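The values are calculated or read from the model by the stated rules, or taken from the named source; none is laboratory data. Remember, predicted model here, so these are calculated numbers, not experimental data. Here the Cβ is made from the backbone with ideal geometry for all residues, glycine too, and neighbour counts use every protein chain on show.
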Amino acid sequence: MRFLSGIQPSGNITLGNYIGAVKQFVKLQDHPDFTDFIVFIADMHAITVPQEKQTLRKSIRSLAAIYLACGLNPEKVHIFIQSEVAEHAELAWVLECNSYIGELERMTQFKDKKEKQVQGVSAGLLTYPSLMAADILLYDADVVPVGKDQKQHLELTRTLAERFNNKYGETFVVPEPFFPQTGAKIMSLTEPEKKMSKSDPNPKAFISLLDEIPVIKKKIKSAVTDSDGVIKFDPDNKPGISNLLTILSCCTNTPIEELVEKYKDSNYATFKEDVANAVVAELEPIQKRYYEIIDSPMLDSVLDSGRDYAKYLAQRKLSKVYNKVGLGRKR
Ligand code: ATP
Ligand code: MG
């Protein structure tokens with residue numbers, strides 16, 4: 001089975017991205033069901049909203065280094081940069097021509113992100129899901145892990161794959177969504193009813209994997225909670241404390257019930273101190289490896305061989321598609 005996933009280099013990777021995505025990939029890379037494991041950096045998706053050139057370039061390389069620092073093993077995992085495999089854009093165009101404006105306009109991410117744009121809404125923001133479908137369908141990915149925020153896009157990918165297969169004959173594998181069970185969603189530290197997001201304008205809302213240790217501690221200590229002083233898991237009425245319990249549980253591999261029992265006679269200050277220490281224990285070694293990797297030639301050779309492998313698969317699929325559609329000359 002082929003596993004595929006990508007993250008946008010649209011800011012600093014957060015603790016939410018780590019717990020909800022990267023940490024899961026690291027766990028899954030050793031699973032015997034996955035004979036092929038592809039993880040990419042979705043830089044073409046990032047430019048659906050305005051990006052500053054220098055920052056984007058830095059974030060792309062930084063994300064690649066973070067993948068490795070978090071433990072993705074380049075012996076097992078193909079890591080590449082989306083824009084270096086032009087077939088993504090080429091297939092996206094064909095899929096766009098088979099997508100309806102109405103179905104794209106119905107996507108909640110489009111509706112949300114559209115509201116936030118001050119410099120006008122790009123056509124790319126609308127066609128984002130067709131590009132995402134191309135990312136997945138190019139590689140015949142069987143399993144695509146998605147957070148709740150990407151569920152709708154994956155459903156559209158399935159629709160587009162089935163539509164194409166019906167119209168032109170069997171071409172694409174229809175991918176299955178896969179929802180990681182633990183810690184699927186980490187919430188904002190300042191508004192715990194919202195998800196933690198790397199593009200949040202308020203840096204106190206998220207922990208970046210590269211935040212300095214004292215900053216991490218400070219952000220957790222000032223995380224918004226409530227005033228009833230009881231540590232229990234109740235996301236509706238106690239979103240702040242519940243989020244901290246989820247974070248502690250994910251960082252220490254301890255079930256939430258066990259933590260609730262442990263802290264039943266404790267107070268918020270002690271609890272937050274323990275959460276802060278657990279997050280630091282998880283992130284400190286990652287940061288150390290990150291700084292060893294970021295400027296190393298090893299990072300480039302991983303990205304080069306990832307690109308070559310992806311290109312090999314993508315070219316084969318794209319010529320099939322062009323032949324089915326009747327584009328160009330027969331190849
Ligand atoms: P952006 O605000 O730019 O959309 P993001 O933080 O939502 O950034 P994405 O690049 O959209 O990050 O998503 C990367 C991966 O991280 C996806 O698999 C997504 O489901 C997961 N993810 C994003 N936010 C969270 C979160 N708060 N908790 C758990 N997983 C998350
Ligand atoms: Mg997102």
Condition check for residue 161: modelled with pLDDT under 95 and small (Gly, Ala, Ser): no
Any chance residue 151 is assigned to a helix (DSSP H, G or I), surrounded by fewer than 16 Cβ atoms within 10 Å (Cβ to Cβ) and more than 16 Å from the chain's Cα centre (by Cα): no
Segment 148-163 residues that are among the charged types (D, E, K, R), paired with ones that are at pLDDT 95 or above (beta carbon under 7 Å, 6 or more apart): 158/174; 162/174; 163/98
Hits in segment 274-311 (condition: within 30 Å of residue 137 (Cα to Cα) and of a type in the set (Phe, Trp, Tyr)): 309
Selection within segment 112-145 - in contact with a helix residue (DSSP H, G or I) (Cβ under 8 Å, 6 or more places away or on another chain) and basic (Lys, Arg): 113, 114
Any chance residue 311 is touching a residue at least 40 places away in the same chain (Cβ under 8 Å), out of contact with any Pro (no Cβ under 7 Å at 6 or more places or on another chain) and outside the structural domain of residue 62 (by TED's automatic domain parsing): no
Elements of type helices (runs of 4 or more DSSP H) contained in segment 224-321, each with 3 or more residues being surrounded by fewer than 18 Cβ atoms within 10 Å (Cβ to Cβ): 256-262, 268-293
From the options 100, 67, residue that is aromatic (Phe, Trp, Tyr) and within 16 Å of ligand 1 (Cβ to nearest atom): 67
